Structure formats: C-alpha cells, structure tokens
Amino acid sequence: MAQSVRSTSDGQVVERYNRAARWFHAGVYLLVLVLLATGWWFLTGGYDEPSPLARLTGIPDVSSHEITGFAFAALMVGGLARGFRAARYFVAETLRFRRADLRWFRRWPAALVDGSFARHHGHFDPGQRVANVVMVLTLVILLASGFGMLLLPSGWVADLCYPLHRWATFVVTPVIVGHIVIAAGVLPGYRGVWRSMHLGGRLPADVARRIWP
C-alpha cells in the first residue's frame, strides 16, 4: 500500500484519490451510464418507443445519447487539459505489468470471498490495470465511432463505425458492470472499497491494506 496513513476522528484512513479525481470519476460514470442505458435501448430494438429515461426527462433517446456523448467528449478533453500530469500518471500506472502480477491473478478468485489479495507493485492492482485498458480503449472507440456516424452518416465511414460502435458496446458493458459490482463492495473481499471514491475518499486503512497489500 503506497498511500500514507493518517489518523482522524474516524480512525486511520487512506486517501487514494484527491477531490478532483473523485469528481472526474463521478462525471465519467454518470455520463457513461446514460450512454450505456440509451445505447442498449437502441440495440434491443427500442427505437420505436421512448425509454423510461425519455419518459422521465421528456428528451428523446437519440437526443439524450448524442448530448451525453458530446458532454462525455468535453469532459475527457477538459480532464486532459486540466489534469495532464494526472492523466500521464494514470497511463504509466495502468501500463505497469510485471511477471509477479500472475500470482495476484491466481489468488484473485479466492480473494473475492476472503480478501486474501496477493501483494503487487504500483497504485492499481493488476485487475484494475486490465480493466483500465479495456475501458479506456473501448470508450475511445465508442466516442470516435459515434462522432463518425453523427458527422458522416453515409458512406464507408458510417459502414465502418457502426459495427465498431456495436462491438465496443458488447465488450465494455460486462467490464463496467464488473467494475460497479467490485467498487460497490458487494463481494466480501471488496467490502468497504466504495469509500475510496465517495464520502470524501477517506478509506479505512485496514480496508486499503486488505485490498492493496
């Protein structure tokens, strides 16, 4: 565990992510959830009738999907512009793989239940690194192909972008669902991990030691 431990009225805590990172993460997951919800509504044949979200907001699903896509792109550009050093750190830590990481993966299935995670180097554990790579690549593909279909709706560009958009959705959805399940602390081994991104990011030190030894 690379983070320093400090004592508060709630006991010993670790702050793995600063306030800017937590707010950026919140913006990303709210926008991505809307994009996935409307995207899967289209994929399951919902073009002909409004989704529950459209009924709630009064905004057509296509418009919601496009507006949210623009907002997500703006958030990405703004995040890179204001947090370039943080983005560079994220990339460096995400692409940090060692042979010893295989031991972490071997122990991971049991650790989901009993919290016996293997030691690893770096800020992210090996599972987070794989998820980061998949999510970043597929979200970039989704953004690029989405803008391609919107700006060039006919011709070879659209013919290429549509299957890319569709298959990237198929790939990223289970990874995001798994990320939510783990981050919510539903699994016994990850109990309490949600506090690293919420309620001020004050994660109890014993939880941090268990998950990121």
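The values are calculated or read from the model by the stated rules, or taken from the named source; none is laboratory data. Please read all numbers here as calculations on a predicted model, not as lab measurements. Using ideal geometry, Cβ is built from the backbone for each residue, glycine included, and neighbour counts are taken over all protein chains shown.
Overview of values
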item: From the options Val157, Val207, Val133, residue that is under 23 Å from Ala20 (Cα atoms), over 12 Å from the mean Cα position of the chain (by Cα) and either free of Cβ contacts under 8 Å to residues at least 60 places away in the same chain or buried (at least 18 other Cβ atoms within 10 Å of the Cβ) (or both); result: Val207
item: Matching option when the condition is within 30 Å of Pro204 (Cβ to Cβ), of a type outside the set (A, V, I, L, M, F, W, C) and surrounded by 15 or more Cβ atoms within 10 Å (Cβ to Cβ), among Gly178, Gly146, Gly79; result: Gly79
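Yes/no per residue for (1) within 26 Å of Thr169 (Cα to Cα); (2) out of contact with any Phe, Trp or Tyr (no Cβ under 7 Å at 6 or more places or on another chain):
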site: His65; (1), (2): yes, yes
site: Ala73; (1), (2): yes, yes
site: Leu95; (1), (2): yes, yes
site: Arg99; (1), (2): no, yes
site: Leu102; (1), (2): no, yes
site: His123; (1), (2): no, yes
site: Arg129; (1), (2): yes, no
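So that you can scan it fast, the table gives a plain yes or no per residue for (1) out of contact with any helix residue (DSSP H, G or I) (no Cβ under 9 Å at 6 or more places or on another chain); (2) modelled with pLDDT of 90 or more; (3) under 20 Å from Trp40 (Cα atoms); (4) of a type outside the set (Gly, Ala, Ser):
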| site | (1), (2), (3), (4) |
| --- | --- |
| Ala87 | no, yes, no, no |
| Arg106 | yes, yes, no, yes |
| Thr138 | no, yes, yes, yes |
| Leu151 | no, no, no, yes |
| Trp167 | no, yes, yes, yes |
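To keep it simple, each residue is scored yes or no on (1) assigned to a helix (DSSP H, G or I); (2) β-branched (Val, Ile, Thr); (3) on the phi > 0 side of the Ramachandran plot; (4) out of contact with any Asp or Glu (no Cβ under 7 Å at 6 or more places or on another chain).
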{"site": "Tyr162", "(1), (2), (3), (4)": "yes, no, no, yes"}
{"site": "Arg166", "(1), (2), (3), (4)": "yes, no, no, yes"}
{"site": "Phe170", "(1), (2), (3), (4)": "yes, no, no, yes"}
{"site": "Ile182", "(1), (2), (3), (4)": "yes, yes, no, yes"}
{"site": "Val186", "(1), (2), (3), (4)": "no, yes, no, yes"}
{"site": "Gly200", "(1), (2), (3), (4)": "yes, no, yes, yes"}
{"site": "Val207", "(1), (2), (3), (4)": "yes, yes, no, yes"}
{"site": "Arg210", "(1), (2), (3), (4)": "yes, no, no, yes"}
